[in-house]
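Worksheet: the structure to be examined is printed underneath.
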Amino acid sequence: MTKVITTGNFKGGVGKTTNAVMFSYTLSKMGKRVLIVDLDPQANATDLLLNTMSSVYQQKPVFKETLFESIKSKKLSGALISIKDNLDLLPSYEDLQGYEKFLYSNFEDDYSQDHYFNTLLEPIKKDYDYIIMDVPPQLNKFTDSALVSSNYVVVILQTQERALKGAEKYIEHLLQLQDDYNLDLDLLGVLPVLQQNGSDLDLDIITDAINSFGEQNIFKSRIKQMARLKRFDRTGITDNVKDINDRRVHDVYKKVVNELIERMNLIEMEGKE
Ligand SMILES: Nc1ncnc2c1ncn2[C@@H]1O[C@H](COP(=O)(O)OP(=O)(O)OP(=O)(O)O)[C@@H](O)[C@H]1O
Ligand SMILES: [Mg+2]
């Protein structure tokens with residue numbers, strides 16, 4: 001069955017997009033069929049992946065229609081772009097800023113506004129093993145559309161006080177939504193993205209996160225600050241096995257994605273008991 005995962009935190013700039021893209025890339029390398037949905041008008045995931053296509057694979061991306069156009073025409077498949085083997089993208093563009101207004105003028109109540117995107121996603125779910133959703137930081141219709149469509153949430157915790165607050169609020173919100181709409185939605189875990197290797201503040205925030213969310217909810221894998229990951233924004237995702245920095249990034253994500261899969265298996269086994 002297809003698994004839909006959102007990466008979230010209400011705080012901006014904590015690594016939601018970077019991790020959504022790297023999860024998608026890594027899962028596709030493992031042979032899983034993956035779709036990444038860029039449900040953010042900033043279009044950062046789209047830029048990174050289209051840049052990867054043109055800079056790394058030397059392929060000219062063909063933008064058929066924007067995600068927002070496909071939302072309005074009720075057929076998401078019209079916007080799909082194939083990035084590489086096993087990895088498709090629903091691309092964002094600045095026109096997606098009109099999404100919330102579109103929902104308000106076409107649907108009367110919160111329930112139908114928040115469920116609309118999932119009804120569009122439903123017919124293409126079967127083509128994928130994983131669908132990864134990337135959304136903007138605030139509490140808004142983008143976030144709620146993604147959460148209603150999701151089975152799992154990975155909360156990205158950059159180890160700084162504000163991101164911890166953003167993570168706490170985010171989890172409160174997802175529990176509320178789960179309750180309001182009776183969603184089949186689970187917290188897959190909180191993934192620490194470290195600001196600085198071994199700093200005391202990082203460790204304090206992880207301790208606070210353990211107290212706040214419970215140790216079992218914190219990923220054992222950690223993402224460190226990696227200049228190469230930041231560089232991908234410029235160069236696209238490079239993956240040269242002979243380059244030590246590329247290898248380091250991809251090795252880290254292989255570990256994280258393996259933990260992600262283990263965590264899903266565990267939740268699914270518990271659900272059957
Ligand atoms: N582990 C890391 N090491 C170094 N740089 C990183 C790391 N993770 C993310 N970055 C960089 O931090 C910046 C913000 O990351 P990103 O865009 O993924 O955050 P975001 O949470 O999606 O932001 P927004 O809230 O605006 O959507 C980017 O320039 C990205 O390249
Ligand atoms: Mg982002």
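The values are calculated or read from the model by the stated rules, or taken from the named source; none is laboratory data. Quick caveat: nothing in here was measured; it's all calculated off a predicted structure. Counting neighbours? That spans all protein chains shown, and the Cβs are built from the backbone with ideal geometry, glycine included.
Of the helices (runs of 4 or more DSSP H) entirely within the range 110-212, those holding at least 3 residues that are within 16 Å of ligand 2 (Cβ to nearest atom) occupy 141-149, 161-181. Filtering 244, 206, 223 for residues that are free of Cβ contacts under 8 Å to residues at least 60 places away in the same chain, on the phi < 0 side of the Ramachandran plot and crowded, with 16+ Cβ neighbours inside 10 Å leaves a single hit, 206.
Considering only the range 241-254, I want to know if a residue exists there that is away from ligand 1 (no atom under 16 Å from the Cβ), under 17 Å from residue 4 (Cα atoms) and out of contact with any Pro (no Cβ under 8 Å at 6 or more places or on another chain). Taking every residue of the range 241-254 in turn, none turns out to be away from ligand 1 (no atom under 16 Å from the Cβ), under 17 Å from residue 4 (Cα atoms) and out of contact with any Pro (no Cβ under 8 Å at 6 or more places or on another chain).
The residues on offer are 61, 41, and the sole one that is touching a Pro at 6+ places or on another chain (Cβ under 9 Å), in a loop (DSSP other than H, G, I, E, B) and at pLDDT 95 or above is 41.
When each of 155, 190 is tested for being buried (at least 20 other Cβ atoms within 10 Å of the Cβ), within 26 Å of residue 255 (Cβ to Cβ) and free of Cβ contacts under 8 Å to residues at least 40 places away in the same chain, the lone residue that passes is 190.
Listed by first and then second residue, the pairs linking a residue in the range 12-26 that is touching a residue at least 24 places away in the same chain (Cβ under 8 Å) to a residue that is of a type outside the set (Asp, Glu) and within 6 Å of ligand 1 (Cβ to nearest atom), with Cβ atoms under 7 Å apart and 6 or more places separating them unless they lie on different chains, are 12/137; 14/193; 15/193; 17/44; 18/229.
Scanning for something near ligand 2 (Cβ under 10 Å from one of its atoms) and outside any helix (DSSP H, G or I), does the range 15-25 turn up at least one residue? Quick ask: steps written out before the conclusion?
Kept after step one, since they are near ligand 2 (Cβ under 10 Å from one of its atoms), are these residues of the range 15-25: 15-21.
This time we only want the ones that are outside any helix (DSSP H, G or I), so: 15.
Yes, that holds for at least one residue.
What number of residues within the range 6-23 are among the aliphatic types (A, V, I, L, M) and either surrounded by fewer than 24 Cβ atoms within 10 Å (Cβ to Cβ) or under 13 Å from residue 160 (Cα atoms) (or both)?
Filtering the range 6-23 down to residues among the aliphatic types (A, V, I, L, M) leaves 14, 20-22.
Narrowing the set further to residues that are either surrounded by fewer than 24 Cβ atoms within 10 Å (Cβ to Cβ) or under 13 Å from residue 160 (Cα atoms) (or both) leaves 14.
Of the residues in the range 6-23, 1 are among the aliphatic types (A, V, I, L, M) and either surrounded by fewer than 24 Cβ atoms within 10 Å (Cβ to Cβ) or under 13 Å from residue 160 (Cα atoms) (or both).
Checking the range 44-61 against the condition returns no match, with no residue being within 11 Å of ligand 2 (Cβ to nearest atom), closer than 18 Å to residue 147 by Cα and of a type in the set (S, T, N, Q). Within the range 19-54, being in contact with a Gly (Cβ under 8 Å, 6 or more places away or on another chain) and closer than 20 Å to residue 223 by Cα holds for one residue alone: 48.
Quick check on residue 90: is it within 16 Å of ligand 2 (Cβ to nearest atom), within 16 Å of the chain's Cα centre (by Cα) and at pLDDT 95 or above?
On the way: within 16 Å of ligand 2 (Cβ to nearest atom): yes; within 16 Å of the chain's Cα centre (by Cα): yes; at pLDDT 95 or above: yes.
For residue 90, the condition - within 16 Å of ligand 2 (Cβ to nearest atom), within 16 Å of the chain's Cα centre (by Cα) and at pLDDT 95 or above - is met.
Taking the criterion of being within 16 Å of ligand 1 (Cβ to nearest atom), more than 20 Å from residue 174 (Cα to Cα) and at pLDDT 95 or above, would at least one residue in the range 129-137 satisfy it? Among the residues of the range 129-137, not one is within 16 Å of ligand 1 (Cβ to nearest atom), more than 20 Å from residue 174 (Cα to Cα) and at pLDDT 95 or above, which makes the answer no.
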